[in-house]
1. Can you tell me which residue in segment 149-163 is surrounded by the fewest Cβ atoms within 10 Å (Cβ to Cβ), limited to those that are within 27 Å of residue 111 (Cα to Cα) and modelled with pLDDT under 80?
2. In segment 141-156, which residues are more than 16 Å from the chain's Cα centre (by Cα) and more than 16 Å from residue 179 (Cβ to Cβ)?
3. For residue 122, which of the numbered conditions (1) at negative phi; (2) more than 19 Å from the chain's Cα centre (by Cα); (3) at pLDDT 90 or above; (4) assigned by TED's automatic domain parsing to the domain that holds residue 229 fails to hold?
4. Please tell me if residue 331 is in the same structural domain as residue 351 (by TED's automatic domain parsing) and assigned to a helix (DSSP H, G or I).
5. If only one of 268, 330 is closer than 30 Å to residue 233 by Cα and touching a helix residue (DSSP H, G or I) at 6+ places or on another chain (Cβ under 8 Å), which one is it?
6. Given the structure, is residue 271 buried (at least 18 other Cβ atoms within 10 Å of the Cβ), over 30 Å from residue 71 (Cα atoms) and modelled with pLDDT of 90 or more?
7. Where residues in segment 177-196 are assigned to a helix (DSSP H, G or I) and farther than 21 Å from residue 82 by Cβ, which of them is modelled with the lowest pLDDT?
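The values are calculated or read from the model by the stated rules, or taken from the named source; none is laboratory data. Worth saying up front: this structure is predicted, and the values here are computed from it rather than measured. We place every Cβ from the backbone using ideal geometry, glycine too, and count neighbours over all the protein chains shown.
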């Protein structure tokens, strides 16, 4: 028995073979050196104005950051880029998930670059309310456009912003315009609330629809339908062409139920296929007609001024909210207020007022 060999379990793990060292120490040193190097505001500004995409991306990252140090640097860059902005056409594109927004944007973007346009796509990706992460997969979906030297695709996480518009999309538009992009396409996630925010930062609002999503009454969504400057029935190809034309007629009838737009423009309904590219040139022709019409009656410039005022107020609201929640005394008191509210010791409204009073008193002292 003493000489009996010890039996091994079927799950016994044999000693493996160590892989050879394949990491280049020189490469590691170069990467670490590159990561440590922080470009100055002036260097980033010069890079953006010269059309350097890497510097544009770095600046957008600073704009989207919640770091207080990054905020000051981002504001400096934005202010320096402002004189070179406002020369682009801003187009908002929305539609429910599954309508083919990414495929349409790729087809439309490729058509615009073939006309000599420089196109920037700002795609807002939804953030999880649980993990707070985002997939940011729009570049993967637009694999042809991403290789186009006259196109730039920037996916951004929606974060905590209601409805899915990235918190700093408005500032990102300014940077892209300063970098020389003359056509900005802003894609929303299409969940309902994001459309209002996008409409407040674009010149032309395009609503994508598909056939079979309901009758004309289903299409009457006050708000999004009233904001749309054009309704495009996508996926009008193959056996779906007849259904797409029927949907076009139904939406045309629905549009007559809405009051006239402030711009005086009558929204146009048409069909297209992002796969076959049929109808894509007609979409651009519609946008050109809209531009000519609204610039002639001065509405285009009036809307731009109203948008600037709107974002002034939005920025103030955002900054006040950020200052409140990051105040040291509020941070200390907020958790105890939450517990008091959850145990019904105090009403949510009274607790909120107490916190606001504390914040105001500390601001007076400081």
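1. If we take residues in segment 149-163 being within 27 Å of residue 111 (Cα to Cα) and modelled with pLDDT under 80, then 157 is surrounded by the fewest Cβ atoms within 10 Å (Cβ to Cβ).
2. Matches in segment 141-156: 143, 144, 145, 146, 147.
3. The number of the failed condition is (2).
4. yes
5. That would be 268, the only listed residue that is closer than 30 Å to residue 233 by Cα and touching a helix residue (DSSP H, G or I) at 6+ places or on another chain (Cβ under 8 Å).
6. On the way: buried (at least 18 other Cβ atoms within 10 Å of the Cβ): yes; over 30 Å from residue 71 (Cα atoms): yes; modelled with pLDDT of 90 or more: yes.
Taking the combined requirement at face value, the residue satisfies it.
7. Per the stated criteria, the residue is 194.
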